[in-house]
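Asks: Below is a structure I'd like to ask you about.
Derivation of every value follows stated rules applied to the coordinates shown; laboratory data play no part. As the structure is a computational prediction, the values presented were derived from the model and not from experiment. A quick note on method: Cβ atoms are made from the backbone with ideal geometry, for glycine too, and the neighbour counts reach across all protein chains shown.
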Amino acid sequence: MNPLLEQFLSEAREFLQGIGEKLMQLEDEPDNAELMTELFRFVHTLKGNSGLFEFPEMTRVLHAGEDLMDAVRKGRVGYSQALADQLLDAMDFVGILCDEIDADGRIDASRAADSARLAKVLRSLIVVEAEADSTSASGDRKPTNSPAQQSATVNLAQLPLASIPELNRIEAYRRTQNGDALHWISYKPIEECFFQGDDPFFTARQTPDILWGNILARESWPPLAELDAYKCILEFQILTAAPRKELDEHYQYMPDQVEICNVDPLFLVIPQGNPNGGPVYGDFIDDVLPHLETGDITALRIAAQTMLELSNPELWLSSALRWLILLIDSTPENTTAFRKIIESLRTLTSPDWSSVNSMPTAPAPAEKVISANVEFSEEKILLSDEDAAAIKFILAAQHQILSFDDKPSWLLGRLKAVAAVLINYCKVSGDLNGQAEIEEALEQSLKATSSTPLLTWLEVRENEKLVRSVESNSPPKTATTNQIAAPIANPVTLVENSSEHPVVATSIVEGPRFGRRAEDAGAATSSKSLKVDQSKIDRLMNLIGEMVVSKNALPYLAQRAEDQFGVRELSREIKSQYSVINRIAEEMQDAIMQVRMMPVSFVFQRFPRLVRDISRKLGKEVQLVLEGEETEADKNIIESLADPLIHIVRNSLDHGLETPEARLAKGKPATGTLTIRAVQEGDQALIEIIDDGKGIDPNIIKRKAYEKGVIDEATMERITDREAINLVFAAGFSTAEVVSDLSGRGVGMDVVRTAVEKVNGTILLDSETGKGTRIRISLPLSMAVTKVMIVESDQQIFGVPMDHVMETVRVPISNIRTIKRSKTTVLRGNIVPLKTLNTLLGLSAQPKANADDEMAVLVVKINGDAVGLIVDQFRETIDIIQKPLGGVLSGLSAYSGSALMGDGSVLMVLNVKEIV
Amino acid sequence: MPIEYKKNLAVFSDISTVEEAESLLEWLQNKPLTKKIDLLACTHMHPANLQVLMAQKSSIAAWPKDANLRAWLESALKVE
């Protein structure tokens with residue numbers, strides 16, 4: 001996962017938290033405009049951020065939320081509890097998406113539908129609330145039910161399935177026999193989609209597992225002269241055998257433009273053709289129906305086959321027969337369906353499948369029951385879930401048959417068939433009394449030629465017996481119990497439910513709400529990154545500093561134990577303990593430092609844009625090269641670097657790099673190169689800003705500096721070119737003739753130097769006229785720990801920051817010359833001025849030489865010059881936590897700070913620049 | 001590969017892009033009834049072009065070789 005995404009996730013969680021809090025506060029004071037604005041800003045920012053990534057699901061919801069909040073903010077919609085509920089729900093959803101991204105790096109495609117729904121609900125609030133008074137709104141669950149309702153309301157009978165050629169339909173039907181679910185997709189791209197770079201036709205063509213596709217126009221075409229080719233009014237209709245999940249994924253970017261619904265394969269059974277024929281049909285029907293009554297499916301199939309061979313294949317009859325045979329072959333137990341087709345031959349209208357149960361959804365249990373019919377002696381008391389479902393189907397079918405209020409000639413046969421099925425059911429469920437009751441009911445029915453007595457028995461039976469038997473055996477799914485418990489008076493509901501069964505069941509079980517976060521298992525979803533107040537880290541830093549110091553006291557203690565008390569054993573033990581504590585303390589210090597470390601990319605990342613904008617403005621062509629972005633340094637240092645670097649880059653672009661023409665004239669490539677490089681060198685971070693522009697002319701700098709009174713005439717004559725160019729860092733210096741909005745105010749480089757020095761860094765400028773400029777900034781990696789060299793003078797110890805120390809040498813007294821009144825010595829051919837530390841600090845003692853008559857000289861670098869400090873003795877270098885001098889001592893400019901030594905003594909750290 | 005316009009025949013090849021819809025529409029607007037469309041070598045057509053053809057009820061001189069595309073286009077363009 002990239003750092004940007006990580007940051008987004010951690011921020012998003014904060015925003016969600018904030019949004020939640022604000023919503024809660026708003027509940028207490030709904031008229032607080034300030035809170036509302038803040039809330040809007042949260043949602044707005046979160047939406048904007050989410051747009052950076054490819055999470056359309058998230059952005060969509062947030063966008064709707066934003067619109068809603070905007071409407072509320074502007075007073076178009078009143079704030080209400082229901083609104084807050086919806087928003088919280090939406091935010092919970094976003095939270096879930098965040099978790100999902102965190103875990104898998106992507107959002108599951110199935111979320112698209114939820115997202116579209118939530119967005120729709122939020123948007124509907126804008127409209128509804130705007131229209132009706134918000135008082136009527138209550139926390140009803142209506143929106144959460146909508147998906148189930150939506151999918152249930154799609155009326156299969158209304159789909160233009162008949163327009164699909166019979167061959168395709170047969171193919172589709174066969175696919176369902178392999179267990180594939182059919183889906184009907186209606187994809188209506190929005191009118192402006194071409195302008196968004198979409199190719200909906202391509203999208204439609206890429207739909208997985210297409211069985212049939214169709215393109216039509218949503219409105220009639222205007223005359224060619226008025227046609228707007230770029231206004232999309234197409235609709236794509238697709239029949240596919242791909243699983244719902246794949247479809248959702250395919251259309252995840254446009255869930256609001258597609259409607260996907262499950263297609264019951266029976267609805268594909270639409271006979272088509274020439275309705276010619278006549279009395280033959282009637283004969284055929286009379287011939288085959290008895291087969292059906294007696295359950296002689298084989299005979300039925302043979303009859304149909306013969307009839308089909310005799311008929312013209314173009315005929316409506318043939319088409320119906322083909323379907324009949326297909327149905328017989330695929331679901332031999334679905335007699336209701338056969339009957340439907342055969343009856344449809346009378347009217348030559350397509351059978352109405354909406355009241356017929358699609359057997360293929362539960363073929364396995366059905367077969368089981370059939371086999372149970374054969375060996376009825378075997379008593380099966382215990383019903384599995386599957387069996388219960390199958391029995392339910394069978395009873396429902398019988399119920400339906402009995403519910404027909406027509407009085408066909410074969411009514412008696414029908415009643416007998418139903419009774420036979422019911423008796424079989426009783427045998428299977430071990431209900432012996434039931435058999436007698438049914439036989440009695442059948443007799444009555446036959447006498448009255450009415451199905452009522454049987455129907456009554458069935459209804460009574462369903463209400464008591466079945467429910468009990470099912471419940472006592474195994475706890476069925478909620479949906480199943482519901483259907484059984486309710487008297488199956490309305491077959492249509494049953495069918496709808498069963499075809500939509502998977503959808504409905506899951507939505508009930510899982511619960512459509514996106515779960516309050518508080519109830520979630522917190523451990524799994526906790527975030528990995530932690531936002532900590534910087535002051536807490538600082539405190540930790542101080543504490544570890546103190547620990548390092550007190551740890552350093554242990555070697556002294558060991559020494560004393562040995563020297564003063566003469567217990568070597570103890571001394572050794574203390575030392576070994578010390579080494580352990582030392583290791584842990586160092587690791588701890590390192591770890592805390594790591595916490596504060598940040599990559600320089602934090603500062604660098606703004607440069608590409610900056611360079612692009614400025615170079616455009618100036619009409620220059622610049623290529624920016626960033627190197628070593630991963631180099632890390634302390635947060636304070638990185639942050640203090642941001643402004644100086646911007647100044648430097650601006651300067652380079654404005655003064656350094658030439659226009660393309662000027663560059664070409666000088667024989668350089670038209671595009672200038674600006675390199676910003678960061679490297680770590682020891683305990684220093686080195687940042688270089690290099691351009692290949694015109695460089696800085698030292699003579700111009702000297703003259704300007706003189707004109708502005710930065711240097712006097714003598715200095716102007718004396719200073720080297722290199723010193724001259726570094727004059728640009730002097731306060732009040734500017735070479736530009738005209739003050740522009742980019743540079744020329746004469747503060748830039750001075751500010752840069754001050755900022756760098758504030759974090760104990762140094763800045764150095766190199767330039768070659770015509771070739772380019774290089775600025776080197778070296779910075780300590782961390783400000784917390786300073787490496788100092790300890791020197792001794794007049795029996796006192798002082799610390800000198802290692803940044804300043806160039807070398808330590810021992811100079812024989814004979815080599816020290818006095819020029820005028822200053823001491824100097826020659827070191828490797830260079831004259832180095834010498835100063836006595838005692839004199840500088842106002843100590844009267846003379847420096848001591850060692851036994852060989854050599855003076856200890858600490859060569860330090862001050863503003864690029866070497867200066868020798870004569871001290872008495874060199875000691876070790878140590879890491880210290882430097883504390884600034886406070887209170888009355890703060891006026892002492894000779895010291896930059898103090899530190900506590902391991903033995904409890906105080907070390908004063910010299911401010912070398914000040915004292916020399 | 002853009003659409004190649006002959007006197008009364010527009011020959012599509014490979015993929016026709018969204019930019020071509022405008023010129024196609026212009027070409028068709030002039031004496032639309034005499035114009036024919038050759039889709040033989042076409043593999044995909046941007047729907048903007050398709051809309052133009054559908055609106056004009058273009059007569060198709062040759063259907064695409066690509067069977068999948070042909071099925072789609074026939075559903076939209078075939079005159080019953």
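Asks: Could you tell me the extents of region A:192-328's C-alpha atoms along the three principal axes, largest first, rounded to whole Å?
Replies: 63, 40, 19
Asks: On each of the three principal axes of the Cα atoms of region A:534-592, give max minus min coordinate, whole Å, ordered largest first.
Replies: 47, 16, 9 Å, listed from the longest principal axis down.
Asks: Just to be sure I follow: if Rg is taken over the C-alpha atoms of region A:808-854 and Rh is the Kirkwood radius over the same atoms, what is Rg/Rh?
Replies: Answer for region A:808-854: 0.96.
Asks: Using just the alpha carbons, could you tell me how many Å³ per residue the convex hull of region A:535-694 encloses?
Replies: Taking only Cα atoms, region A:535-694 has a hull volume of 137 Å³ per residue.
Asks: If you don't mind, another one. To the nearest 0.05, what FRET efficiency results for A:Ala670 and A:Leu570 with a Förster distance of 56 Å applied to their C-beta separation?
Replies: 0.15
Asks: Another question, then. Among A:816-824, B:53-61, A:574-582, how do they line up by average Cβ neighbours within 10 Å per residue, starting with the highest?
Replies: B:53-61, A:574-582, A:816-824
Asks: Rounded to a whole number, what is D in µm²/s for region A:3-140 from Stokes-Einstein with the Kirkwood radius over alpha-carbon pairs (20 °C, 1.002 mPa s)?
Replies: Once the numbers are plugged in, D ends up at 143 µm²/s.
Asks: Here's something else I'd like to know. Considering all alpha-carbon pairs of region A:274-349, what whole percent are spaced by more than 20 angstrom?
Replies: In whole percent, the share of Cα-Cα pairs in region A:274-349 beyond 20 Å is 18.
Asks: Using each residue's phi in region A:836-853, evaluate 6.51 cos²θ - 1.76 cosθ + 1.60 at θ = phi - 60° and report the 3J(HN,Hα) Karplus result to the nearest Hz, with x for Gly and Pro.
Replies: Karplus values, whole Hz, x for Gly and Pro: 8, 4, 4, 5, 4, 8, x, 8, 7, 5, 7, x, 9, 8, 8, 4, 8, 6.
Asks: Give me the Debye-computed log₁₀ of I(q)/I(0) at q = 0.22, 0.24, 0.26, 0.30 Å⁻¹ for region B:12-54, equal point scatterers on Cα only, no solvent, two decimals.
Replies: Reported log10 I(q)/I(0), two decimals: -0.71, -0.83, -0.96, -1.17.
Asks: Separate question: Average partner chain C-beta neighbours within 10 Å, per residue of A:645-653?
Replies: Average per residue, whole number: 0.
Asks: Using the alpha carbon gyration tensor of chain B, what are the three equivalent-ellipsoid semi-axes (square root of 5 times each eigenvalue), largest first, in whole Å?
Replies: So the three semi-axes of chain B are 17, 14, 12 Å.
Asks: Using only C-alpha positions, report the orientation-averaged shadow area of the convex hull of region A:156-268, nm², one decimal.
Replies: 7.5 nm²
Asks: Moving on. Students often get this wrong, so check it: of B:Lys6/B:Lys31; B:Lys7/B:Lys78; A:Lys787/A:Lys861; A:Lys231/B:Lys57, which have C-alpha atoms separated by over 20 Å?
Replies: Flagged as over cut-off: B:Lys7/B:Lys78.
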